[in-house]
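Just below is one structure, and these are the notes that go with it.
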Amino acid sequence: MPITRMNHAVLYVRDVARSVAFYTEVLGFRVVAEMAGQASFLQAPASTNDHDLGLFQVGPAAGDSQAGRGTVGLYHVAWEVDTLEELERLQARLGEAGALVGASDHGSTKAIYAQDPDGLEFEVSWLVPADLLTPDVRMTVAPLDLAAEKARYGAATRGGIGVSVPAP
């Protein structure tokens, strides 16, 4: 049986309370379980998972992640949003929080990138619905023009939800 999608991510963080505050206040996650201030399990706003994110505290002396710069490791996780309107709202919210670090047009996905309080990067993306994919939409890395994408696809068009390439 093939793997169909990622179920949850677990991050080691310096201060679990600080990270919980970020993910709940900025991205709207909610706490579903806690382990005596040492770990928290969060659920994304529209998720039906028992949890989407686990946060485990390692303490204030922990060094920065060197993944990709000096060690192997995970670069980032990516979460999907339903509409370009929601992507734009989160882009503004992450900008206000000082967490936004980039935005890219990947052809079949439109993405913003941010960092949590420990500098761990994550992506929030909207997937072009399969029925709107055209032959000119190819995997790429280009600057994201959110206004142009909203004009092309519609601000409230529901994304592809796990589908970013047309069926063969």
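Bear in mind that the values in this text are calculations on the coordinates, not laboratory data. No experiment lies behind these values; they were computed from the predicted model shown. Note: ideal-geometry Cβ built from the backbone for every residue, glycine included; neighbour counts use all protein chains shown.
Scaled against 2.2 N^0.38 Å for its residue count N, the alpha carbon radius of gyration of the chain is 1.09. Rounded to the nearest 20 debye, the dipole magnitude of the chain is 160 debye, with +1 charges on Lys and Arg beta carbons, -1 on Asp and Glu beta carbons, and the Cα centre as origin. This model, with +1 at the C-beta of Lys and Arg and -1 at the C-beta of Asp and Glu, gives region 76-168 a dipole about its Cα centre of some 260 debye. Annotation: average projected area of region 1-59 is 4.5 square nanometres, based on the convex hull of Cα atoms across all directions. In terms of overall dimensions, region 60-111 has a Cα radius of gyration and Dmax of 14.2, 40 angstrom. For region 76-168, the relative contact order is 36 percent, taking Cα pairs closer than 8 Å that sit 6 or more residues apart in sequence and dividing their mean separation by the residue count. In region 59-136, a dipole from Cβ-located charges (positive for Lys and Arg, negative for Asp and Glu) runs towards its positive end, and of ALA61, PRO129, LEU90 it is ALA61 whose Cα lies farthest in that direction. When only Cα pairs below 8 angstrom with a gap of at least 6 residues are kept, the chain shows a relative contact order of 20 percent.
Under a 5 Å amide H cut-off, with hydrogens placed 1.01 Å from N, GLU80 pairs with SER125 among residues at least 5 apart or on other chains. Beta bridges per DSSP, both residues in the chain: antiparallel share near 70 percent.
If only the Cβ of Lys and Arg carry +1 and only the Cβ of Asp and Glu carry -1, the dipole of region 1-59 around its Cα centre is close to 100 debye. Listed peptides 57-67, 92-102, 37-47, 13-23 appear in the order 13-23, 37-47, 92-102, 57-67 once ranked by packing, highest mean of other Cβ atoms within 10 Å at the front. Using a cut-off of under 18 Å, list every residue of region 18-35 whose amide N is near the label point 7 Å from the Cα of ALA97 along the Cα-to-beta-carbon line. In region 18-35, the label zone of ALA97 (backbone N under 18 Å from the point 7 Å along Cα→Cβ) covers 18-33. Computing FRET efficiency as 1/(1 + (r/R0)^6) for ALA156 and THR71, where r is the C-beta to C-beta distance and R0 is 35 Å, gives about 0.25.
What do you get for Rg/Rh of region 76-168 when both radii come from the Cα atoms and Rh is the Kirkwood radius? Using Cα coordinates only, the ratio equals 0.97.
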